[in-house]
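Following: one structure in structure tokens, then a few remarks.
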Amino acid sequence: MSVQATDERARTVPSSGTGFRAHSPLAIANEFLRRAEREGRELTHMQLQKLVYLANGWNLAATDRPMVEDDPEAWEFGPVYRRLFDALKKYGRSPVGELIRWGDDTPFSLDDGEVASEDLSDEEKAVIDMVWKAYGHMEAFQLSALTHQDGSPWSRTYEPGRNRRISMDLIGAHFRDLMTRYDGKAAS
């Protein structure tokens, strides 16, 4: 099934006044769905959760700014964005068959139902492209295992049955550490 939409107008979200704004996890997930479709691939709900989390983490490391406006929660199978979960739970473990629309994350018809899309900076697009190239080929269980590693923000936050919020500070520090370690290996 195609994830192309007939109306992909960007949703207007007020800026924080600092010249940047974080984005809805729904819009960021759609960026990955578009890339998957261009390659003839499908993505599951779990893969999208982890790809959005990784994009947010690497963006925090590179820019000290979150890409996603929501804090993820530490669930049993890794970091989860609640609104993205609500929008995609209907798919279960099956591939997501269409782009996410505004309002898919609520049982009410309060939004316009247009495709969730936001204007991204060139820097944000580059981070999404990097995450797609590095992780987009991975299966859901591989991405989940990656986010469960000892010392990860998820492993430092998770408590069974609690779905605790993972702080942006913890995510940013973790991905900055990964970036430093990666840069050190590239230099040697």
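The values are calculated or read from the model by the stated rules, or taken from the named source; none is laboratory data. Everything quoted here is computed from the prediction, not taken from an experiment. Cβ atoms come from the backbone with ideal geometry, glycine included; neighbour counts cover every protein chain shown.
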Open item on the list: Of all residues being modelled with pLDDT of 95 or more and acidic (Asp, Glu) in segment 5-54, which is farthest from the chain's Cα centre (by Cα)? Just the residue, please.
Closed with: 39
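Taking residue 103, is it without any contact (Cβ under 8 Å) to a residue 12 or more places away in the chain, surrounded by 17 or more Cβ atoms within 10 Å (Cβ to Cβ) and either part of a loop (DSSP other than H, G, I, E, B) or out of contact with any His (no Cβ under 8 Å at 6 or more places or on another chain) (or both)? Reasoning before the result, please.
Numbers: without any contact (Cβ under 8 Å) to a residue 12 or more places away in the chain: yes; surrounded by 17 or more Cβ atoms within 10 Å (Cβ to Cβ): yes; either part of a loop (DSSP other than H, G, I, E, B) or out of contact with any His (no Cβ under 8 Å at 6 or more places or on another chain) (or both): yes.
Yes; evaluated as a whole, the condition is true for this residue.
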- [ ] Please give the number of the condition residue 130 fails out of (1) more than 19 Å from residue 44 (Cβ to Cβ); (2) modelled with pLDDT under 95.
- [x] (2)
Open item on the list: Looking at segment 166-184 only, could you name the residues that are of a type in the set (Lys, Arg) and in contact (Cβ under 8 Å) with a residue 60 or more places away in the chain?
Closed with: 176
Task: Members of segment 32-69 found to be assigned to a strand (DSSP E or B) and either among the aromatic types (Phe, Trp, Tyr) or surrounded by fewer than 19 Cβ atoms within 10 Å (Cβ to Cβ) (or both), listed by number - done: 44
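Quick check on this structure: which one of 173, 134 is of a type in the set (A, V, I, L, M), over 15 Å from the mean Cα position of the chain (by Cα), farther than 12 Å from residue 78 by Cα and assigned to a helix (DSSP H, G or I)?
When all the criteria are applied, what remains is 173.
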Task: Of residues in segment 70-100 being surrounded by fewer than 18 Cβ atoms within 10 Å (Cβ to Cβ) and among the charged types (D, E, K, R), the one nearest to residue 117 (Cα to Cα) - done: 98
Open item on the list: For the list (1) basic (Lys, Arg); (2) over 27 Å from residue 180 (Cβ atoms); (3) out of contact with any strand residue (DSSP E or B) (no Cβ under 7 Å at 6 or more places or on another chain), I need the number of the one condition that residue 65 fails.
Closed with: (2)
